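Taking it in order: structure first as structure tokens, then the write-up.
The values are calculated or read from the model by the stated rules, or taken from the named source; none is laboratory data. It should be emphasised that the depicted structure is a prediction, and the values quoted were computed from it without experimental measurement. FYI the Cβ positions are ideal-geometry reconstructions off the backbone, even for glycines, and counts take in every protein chain you see. The protein model used for the area step is the full one, side chains on, heavy atoms only, and it has no ligands, DNA or RNA in it. Shrake-Rupley method; radii C 1.70, N 1.55, O 1.52, S 1.80 Å.
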Amino acid sequence: MLSNILGSEVIVQIGIVVKDIEKSAKEFSEIFNVPIPEIIITDEYDKAHTEYKGKPTNAQAKLAFFNFKNIDIELIEPDNNPSTWREFLDAEGEGVHHIAIFVKGMEEKIEILKKSGMNVIQRGDFKGGRYAYIDSTSKLKIILELLERFS
């Protein structure tokens, strides 16, 4: 049960990898009749400390967050540097990349998941927190993102 392992039962985000974030954001906006959110670019390595498959990477992505009442939809347009986003787009094309939950004590949660055969694919920092993508596809059929906010 998720609550026993990760301390959360709430999926807060669905991440979708896209080729053209401006086009995809416009389409989401029109279909759901919501404003187009600001498109941001993730920080460079010196701030984000991004690691992909255990090695530093200069990967960045354009992001757009649609904040619905019950869940956030994150659109992700990766650059060409090595990342889980780029790997997914190249192998699978556009589509759902991950689901995300908030956790406290990320390192402890990562160790618990490792014992179940689920390892970190990519991790990094963002303003106010950090993230880790977990290769949970063998068990959950999708990548799991752990989000931890700094207090």
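At-a-glance table
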| read-out | value |
| --- | --- |
| From 14, 31, residue being open to solvent by 90 Å² or more (accessible area, probe 1.4 Å) and under 25 Å from residue 92 (Cα atoms) | 31 |
| Selected residue (criterion: most open to solvent (accessible area, probe 1.4 Å)) from residues of the stretch 38-69 that are over 21 Å from residue 124 (Cβ atoms) and in a loop (DSSP other than H, G, I, E, B) | 69 |
| Those residues of the stretch 108-132 which are open to solvent by 30 Å² or more (accessible area, probe 1.4 Å), assigned to a strand (DSSP E or B) and not acidic (Asp, Glu), in sequence order | 120, 123, 126, 130 |
| Output for the stretch 76-87, where each listed residue is under 15 Å from residue 62 (Cα atoms) and either open to solvent by 40 Å² or more (accessible area, probe 1.4 Å) or charged (D, E, K, R) (or both) | 77, 79, 80, 81, 82, 86 |
| Yes/no for residue 81 being part of a loop (DSSP other than H, G, I, E, B), within 14 Å of residue 51 (Cβ to Cβ) and more than 12 Å from the chain's Cα centre (by Cα) | yes |
